[in-house]
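We did not get these values from a lab; they are worked out from the coordinates using the rules stated. Computed from a predicted structure; not experimentally measured. Cβ coordinates were reconstructed from backbone atoms using ideal geometry, including for glycine residues, and neighbour counts include every protein chain displayed.
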Amino acid sequence: MPTATLSPPSTQQQDLRAVEQVRHRLNQVLRGKADVIDKVLVCLLAQGHLLVEDRPGLGKTTLAKGLADAIGGRFARVQCTPDLLPSDITGFSIFNQKAHEFEFRPGPVFSEVLLADEINRATPRTQSALLEAMAERQVTVDSIRHGLAEQFFVIATQNPHEQHGTYPLPEAQLDRFAMKLSVGYPHRDDEISMLTAAIDDSRQARSREPLLEPAQLVRIQRLVAEIPVARPIQDYLVRLAEASRNHPQISLGVSPRGLLTWQRAAQAQAYLRSRGFVTPDDVQDVALPVLIVRLGIERDDPDSIIRELLQTVAVP
Amino acid sequence: MNTKSSSAKPLRAEILPLLMAIVALITVESAQYSGGQPRWHVAVKVGLLAIVMVGLYRGCSQFGANGLHPGRLASPLLIGIAVLPLLVEVLQNWVWQTGNPLEVLLLAGFRNLACGLAVLSYLPAYNRVCSVISLFLIVFASCITGDLFVQSLVIVYALCGVWWLMGLYWDSLQAHLTGSSSQNRFPRRFLFTIPLFLIVLVCLTPLAAPQVASALPGFMPTSGGNQSSDPNARSGVNDGEALVPATDQARSFGPVETDVFMESEQPSLYDIFNDMYGEPPKKKNTKQDRAIALPPGLLQHTHDRMAQQKKLGQQFSTVRSTRSNTPKKLRDIEGTAVLYVGGRVPLHLRMETFDIFDGVEWFPESPSARTSGLNLEIVGAQPWIRIDGLENDKVSRKLEPHQLKIINLRTNRIPAPLGLTGIHIDKVDRVDMFRWAQESIVKMDRERLPELTVIHLQSQTADARMLEHESIRKSIRGPQFQQLPSQIRSEEIRSLAKEWVGNLPDGWPRVEAILAQLRSRYLLDRDYRPASNCRDTVSEFLLESKRGPDYVFASAAAVLLRHLGYSTRVVSGFYADPEKFDRQSQHTPVTATDVHFWAEVYVGQNSWMTVEATPGYDVLSPPRGIWGSLVKAVALFMQHLRHHLGSYSLFFVASVVVCWRRIEISDWVTTLLWRVRPIAQPRCYVLRTLALVKQRARWAGIPHSDAHTASRWLRELSARLEQDNLDLATRFSHVIDWAAYAPPHLETPPRNDVPVLCQMVAKEWTLARLRQFKTHP
């Protein structure tokens, strides 16, 4: 019989334990950023894609690689530049003279975790090549559709301070991302801990053993999608979305696709808290990273606008 | 309060129904105005109501802009204010035994409903319903009156309505063009439930009281015709208690203006006097000749005048036989009004004045030789007979309107208050229809006043306060008004009068002193009669019995004042008693038992003042303005307060204690209600406990914000104190989340006995503990 907490059979307990291990591993990789790692896990379990906007050297790539190691999938990295072509991401077909036929050479999207570094330096043409992959988990090359891994997960980064030679992501592409996060500088104690850990890591090789099997991740993602959301919570989500659309300082409110993503992220948050249903706390906790990537906010401090939005709508 | 999203509407569509409802409110109140109270009462009432409506409208619309709407609370509230007049009516019937016609109550219900809908008209769902209800009110009000002001309000309403319909049309056009449609319309479920309710009501009616079923065909209860009678009904065909204007074949009397006249066999005024006071004993002619100390030639003059006055001009003896136990004709009209008085009361309606007193009998004042002084004036197409020569700047203030509705008064004299300045009878526009009966009393030039006639009177109310510093003793009127009987004990009466007035200055203070002594020291005893051979009734009353009927009081006052040098006379007539004022019909019935005697004192410039010496009778004071009404109300309230000082003190102390400890008392009551309610479903129990904690936190000054989840709020709150509370908060917040948001099939969270946990929370997070939370940063 179902209960209020996720404590069914051993399979689910194992899944929860595995997710907890992933969280622990990522906390080792990126110290002092537990909240960021929680959001990354939420994004992963919600089958969304992540946009990380921050300065260089703050651990974006480290986080992506650590996540790829932990979930046991293939990891691919694309360094986006203006001369990057779509086929450099999706793959291309070449003629096999022996077999007298074209062979498809898969690109980096055919991996479980794709790190698109400095995505805003790629041309819009190349950026749009990612659209189909991110939205539909498939790519079409030479009119032939190629399916991607079910747990395909994109972590894109962009540097907010470099404006020259960049191509800002269009709203359509931004809406494909589930969340946007900023890693930020670690705390002083965390930096000392990081330095100490660096010495220890040089003495003993860090474990890169996968903690989640691909099939296990898919199972968890399906379980997350099935977590019930009460009608008042859905009403709360819709009211928040309406408030974002009617807000005078928001030019682009939450789209229905964004609303679906928000609900799924709240479900993932509830799963990470070992709860079998969604509460308004879950909705509020994931609101900032979910909304900040897709709202057209005309002010420099979008965080405060989103907090204000949450304050104006009554909780059911 | 439920929460819904607000939808912005154009200002015109929102504000116009409110404006239309206010116009409808003013129209209804104006149409219902019957003249029983000053117009400014109605204006103040409507103004206050309109201010309250606008204020509530603004408040509610601001709450609505923040997403707070009345939701499901609105319908019960609207129904509540609609049926409120019916509930008040029940209370009114029970406490004061008064009532209102059903149609008035229904109209008040619709009016309340329109006001409530107007407050909520910022919501599209109520916007149109409000306009429909206000339209009904306007139509109803315009049907029941043809008043010009009401008709002009109807035009204003029509203009607003046209503007509002234009706005609606453009809104719908815009909605069609943009492909959007309004989501908040009148709930469709009402389209089914209301007709269903009406059908059920009609089907159940035969099971109810037969009166209901019989009244249903006319929708309103009647005062007859269907073997039922409603004492509050305003229309009907039977002889109900209500006063109904006769239109064709009148079968009952009513103090209303109508063209229908009827014959009546009711007793005349002097039959009433004799039945009230008893008949005078038969006198010997020799005694009568001796008793009257009249100036030469006056006695014959008096007889001439009596012959002219027919029945009404009889002399009045203050010595009378004991009243018969079985009144002759009055049995038939006992409790039935002789006439009705509209306007302010108490009112002294003068019928005859007496000037000469022989110690036993008063003789009527000489008939007036005046032939002029009555002029016709057309005021608003209505003929008014103006009476000249009665103005006195010293005693007169505002003009006072009254209406007399004659039922069965057999006299041609018009009962009128002192200071009469104008008479209006519908369709009577000939001055020669009126004559002077006595110098200050007007009669109609016919056998008797037409019955069922409405007589409008205008008089100047005397203000005694303006006389306090005036000397009225010098205002000599004439010898007959200062005449004293020869056989009375003048010296004793004069010394008594001087003793009572003491060192008071000459003038009105002395008059007041005499009246005050008479009213306080002497007893009104209508059945007391002096010995039949008594030749000095005033001395007997003042010095020996100290009790008697009202005519003896009037005689004593007149004689005492004459001993002090004032000109006085005695007046007979009717007294409109304010205690008999009928709030429902806004009239005061004057019955046969209201015949009365009083005195008048001359104050100069051909003016007299009513002086009332009989205890229990009052003189009409000048009309008060707003300030005067307030002062009077405060004075009455203070008087009431003094009489109930103990009860009010107790109530005040209890109120202070309740106000001082109101939060603790409210908490105790709320906790008691939480405890006594049975533990139903665990989820409900959790939510009720959460509501209890929220209420306590609100009282403690740390309210829960609507934008915060309850579980997070509790955790943040308890984190300020010790670990135990944090654990309890964590456990309880998990249970709250489960109760509020978990699907129905999910069981209780493990390791949490919900009832025990809720009781722990209620016990731990008391009001005092939550106040400690507030003091912690």
*Expressed as a whole percent, how much of the Cα-Cα distance distribution for segment B:625-777 exceeds 27 Å?*
41
*Would you tell me the mean number of C-beta atoms belonging to other protein chains that fall within 10 Å of each C-beta in A:282-290, as a whole number?*
1
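Stokes-Einstein diffusion coefficient for chain A at 10 °C in a medium of 1.306 mPa s, Rh from the Kirkwood formula over Cα pairs: what value in µm²/s?
Numbers: Rh = 20.7 Å.
Result for D is 77 µm²/s.
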*Positive dipole terminus of segment B:479-639, leading residue within B:ALA556, B:TYR575, B:TRP627 (C-beta point charges)*: B:TRP627
*Show the residues, 5+ positions off or on another chain, whose built amide H is closer than 5 Å to the amide H of B:GLU352.*
B:SER572
*Once every DSSP H run of n ≥ 4 in chain A is given -39500 (n - 2.57) and the sum is divided by its residues, what mean residue ellipticity at 222 nm do you get, rounded to the nearest 500 deg cm²/dmol?*
-14500 deg cm²/dmol
*A:ASP83/A:GLU191 FRET efficiency (R0 25 Å; Cβ-Cβ; nearest 0.05)*: 0.10
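Within 10 Å of each Cβ in peptide B:731-739, how many partner chain Cβ atoms are there on average? Round it to a whole number, please.
Mean partner shielding for this stretch: 3.
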_³J(HN,Hα) computed for each position of segment B:586-599 - Karplus, 6.51 cos²θ - 1.76 cosθ + 1.60, integer Hz, glycine/proline x_ = 6, 9, 10, x, 10, 9, 5, 7, 9, 5, 7, 10, 8, 10
*From other protein chains only, count the Cβ atoms within 10 Å of every residue's Cβ in B:519-525, then give the mean.*
0
_Proxy reagent accessibility, fewest Cβ within 10 Å first, across B:HIS596, B:HIS734, A:HIS187_ = A:HIS187, B:HIS734, B:HIS596
*Going by how many other beta carbons lie within 10 Å of each one, how would you line up A:PHE152, B:PHE192, fewest first?*
B:PHE192, A:PHE152
*What order do you get for A:235-244, B:377-386 when each peptide is scored by the mean count of other beta carbon atoms within 10 Å, highest first?*
A:235-244, B:377-386
*Alpha carbon centre of segment B:577-633 versus segment B:498-540: separation in Å?*
20
*Can you tell which of A:MET194, A:MET134, A:MET179 shows the greatest fluctuation in a Gaussian network model of chain A with Cα springs below 10 Å?*
A:MET194
*asked:* For a quick check: with amide H placed at 1.01 Å from N, whose amide H comes under 5 Å from B:THR461's, ignoring anything fewer than 5 positions away on the same chain?
replied: B:ARG397, B:LYS398, B:GLU400
_Estimated vicinal HN-Hα couplings, Hz - segment A:289-298 in sequence order (Karplus 6.51, -1.76, 1.60; Gly, Pro = x)_ = x, 6, 7, 5, 7, 10, 7, x, 9, 8
*For segment A:1-120, what's the relative contact order in percent, using C-alpha pairs closer than 8 Å and at least 6 residues apart?*
22
*What is the set of long-range amide H partners of A:LEU181 at a cut-off below 5 Å, with H atoms built 1.01 Å from backbone N?*
A:LEU51, A:VAL52, A:GLU53
*Give me B:TRP436, B:TRP508, B:TRP170 ranked fewest to most by other Cβ atoms within 10 Å of their Cβ, as a rough exposure proxy.*
B:TRP170, B:TRP436, B:TRP508
*Calculate how many DSSP beta bridges within segment A:1-214 are antiparallel, expressed in % of all such bridges and rounded to the nearest 5.*
40
*Tell me, what HN-Hα J-couplings in whole Hz come from the Karplus equation 6.51 cos²θ - 1.76 cosθ + 1.60 at θ = phi - 60° for each residue of segment B:425-441, using x for Gly and Pro?*
10, 4, 6, 9, 10, 10, 5, 6, 7, 10, 9, 8, 8, 10, 4, 10, 10
